[in-house]
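What follows is a single structure, written as structure tokens, with notes after it.
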Amino acid sequence: MVIKPLPMRWSRRALDTLDEGLGYIAQFNPDAAHRLRITILEALEHIRSFPKSGRMVPEEGDPDIREVLREPFRILYGIHPREIRILVVRRMERSSLEPGDIDVDSASDNAPY
């Protein structure tokens with residue numbers, strides 16, 4: 001059986017946060033930032049075909065809100081019938097999610113890179 005990957009959309013906030021975080025790392029170690037970018041994109045490509053492979057977000061308790069962990073980032077995504085929505089990118093050392101951090105309806109057609 002062939003699995004057709006779901007399209008992926010990013011919230012503007014998630015995309016901006018990832019860009020800022022990778023930009024900061026690149027100031028000190030451009031190669032590390034590039035490797036991390038590739039690692040993140042590979043992990044997200046995997047969830048396009050296997051959306052439930054990400055960990056359920058403990059703070060949410062919703063089986064359709066999941067996350068991929070790639071230090072130093074938590075990438076939270078929503079599983080929708082016809083797409084994956086990247087909702088939030090957070091630094092792992094930040095405290096747990098707060099109300100309003102996840103807006104399951106906010107996603108644009110932005111591609112990450």
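The values are calculated or read from the model by the stated rules, or taken from the named source; none is laboratory data. Predicted model, so just to flag it, every value in this text is computed and none were measured. Positions of Cβ are generated from backbone atoms using ideal geometry, with glycine treated the same way; all protein chains shown enter the neighbour counts.
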Residue list for segment 25-39, restricted to those being surrounded by 12 or more Cβ atoms within 10 Å (Cβ to Cβ) and without any contact (Cβ under 8 Å) to a residue 60 or more places away in the chain: 25, 26, 32, 33, 34, 35, 36, 39
Output for segment 29-79, where each listed residue is closer than 17 Å to residue 18 by Cα and among the polar types (S, T, N, Q): 29, 39
Residue within segment 40-49 that is surrounded by fewer than 20 Cβ atoms within 10 Å (Cβ to Cβ) and in a loop (DSSP other than H, G, I, E, B) present: no
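Conditions tested, residue by residue: (1) among the polar types (S, T, N, Q); (2) at pLDDT below 95; (3) touching a helix residue (DSSP H, G or I) at 6+ places or on another chain (Cβ under 9 Å); (4) at negative phi.
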| site | (1), (2), (3), (4) |
| --- | --- |
| 27 | yes, no, yes, yes |
| 36 | no, no, yes, yes |
| 57 | no, yes, no, yes |
| 60 | no, yes, no, yes |
| 71 | no, yes, yes, yes |
| 89 | no, yes, yes, yes |
| 92 | no, yes, no, yes |
| 98 | no, yes, no, yes |
| 102 | no, yes, no, yes |
Residue match in segment 25-37 (condition: closer than 28 Å to residue 82 by Cβ and β-branched (Val, Ile, Thr)): no
Looking only at segment 1-23, and only at residues there that are assigned to a helix (DSSP H, G or I) and among the small types (Gly, Ala, Ser), the one that is surrounded by the most Cβ atoms within 10 Å (Cβ to Cβ): 14
Residues that are without any contact (Cβ under 8 Å) to a residue 12 or more places away in the chain and not in a loop (DSSP other than H, G, I, E, B), drawn from segment 54-99: 56
The one condition in (1) more than 13 Å from the chain's Cα centre (by Cα); (2) among the small types (Gly, Ala, Ser); (3) under 19 Å from residue 9 (Cα atoms) that residue 61 fails to fulfil: (3)
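Quick test for you: out of 65, 25, 47, pick the one residue that is touching a strand residue (DSSP E or B) at 6+ places or on another chain (Cβ under 9 Å) and under 20 Å from residue 94 (Cα atoms).
Numbers: 25 fails: touching a strand residue (DSSP E or B) at 6+ places or on another chain (Cβ under 9 Å); 47 fails: under 20 Å from residue 94 (Cα atoms).
Result of the check over 65, 25, 47: 65.
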